[in-house]
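What follows is a short report on a single structure.
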Amino acid sequence: MARRTVSDYMTPAPTVIEQDETLRSAAQTMAQQDVGALIVAAHGEITGIVTDRDIVVRGLAEGLDGDAHVREVTSGRLATLGPDDPVAQAVQIMRDAAVRRVPVMDGSVVVGIVSIGDLAVALDSDSALADVSEAPPND
């Protein structure tokens with residue numbers, strides 16, 4: 001059996017936005033692309049991730065408006081993986097860092113993003129998390 005790597009399950013070419021983008025712009029990008037997370041950069045260097053939950057909980061619930069900058073709500077602790085890293089390492093990093101999504105880097109270039117849902121579908125397709133992850137979005 002071939003060794004499963006992060007590249008087997010990641011979503012390739014995730015959207016990268018600059019940290020000076022507004023929350024409104026980030027939310028609109030997420031809605032247009034039907035994604036829940038964007039990679040955040042400062043002058044092209046990856047600095048974090050912003051999720052739909054970050055926008056709501058760290059932004060709107062704290063009184064920020066749609067014109068606030070993404071950097072104000074970005075998840076700062078950045079755990080990363082390489083495309084050739086084993087899936088078991090991805091699971092361990094998610095556990096250790098208590099995150100649901102991890103950017104996949106090839107050197108300094110982001111080449112993908114892997115989520116706990118991606119891994120659940122791949123590793124235990126009968127799990128409740130896999131069912132939820134594969135379900136169509138609510139409209």
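Some notes on this structure:
- Per-region count, region 26-40, residues modelled with pLDDT of 95 or more and either surrounded by fewer than 17 Cβ atoms within 10 Å (Cβ to Cβ) or among the acidic types (Asp, Glu) (or both): 5
- Matching residues in region 62-90 - criterion: being among the hydrophobic types (A, V, I, L, M, F, W, C) and surrounded by fewer than 14 Cβ atoms within 10 Å (Cβ to Cβ): Ala88
- Close pairs (6 angstrom Cβ cut-off, 6 or more residues apart or separate chains): closer than 12 Å to Gln89 by Cβ in region 1-18, assigned to a loop (DSSP other than H, G, I, E, B) and at pLDDT below 95 anywhere: none
- Options Ala2, Ala79: the member that is at pLDDT below 95, farther than 16 Å from Leu119 by Cβ and either outside any helix (DSSP H, G or I) or under 14 Å from the mean Cα position of the chain (by Cα) (or both): Ala2
- There is no residue in region 40-47 that is without any contact (Cβ under 8 Å) to a residue 60 or more places away in the chain and part of a helix (DSSP H, G or I).
- Selection count where residues are surrounded by 12 or more Cβ atoms within 10 Å (Cβ to Cβ) and either in contact with a Lys or Arg (Cβ under 9 Å, 6 or more places away or on another chain) or without any contact (Cβ under 8 Å) to a residue 60 or more places away in the chain (or both), scope region 103-114: 4
- Looking across region 93-102, the residues that are open to solvent by 80 Å² or more (accessible area, probe 1.4 Å) and either touching a Lys or Arg at 6+ places or on another chain (Cβ under 6 Å) or assigned to a helix (DSSP H, G or I) (or both) come down to Arg95, Asp96.
The values are calculated or read from the model by the stated rules, or taken from the named source; none is laboratory data. All figures in this text were calculated on a predicted structure; none of them were measured in a lab. Because the Cβ atoms are built from the backbone with ideal geometry, glycine has one as well, and the counts that use them run over all protein chains shown. Ligands, DNA and RNA are excluded from the accessible area calculation, which covers all protein heavy atoms including side chains. Shrake-Rupley method; radii C 1.70, N 1.55, O 1.52, S 1.80 Å.
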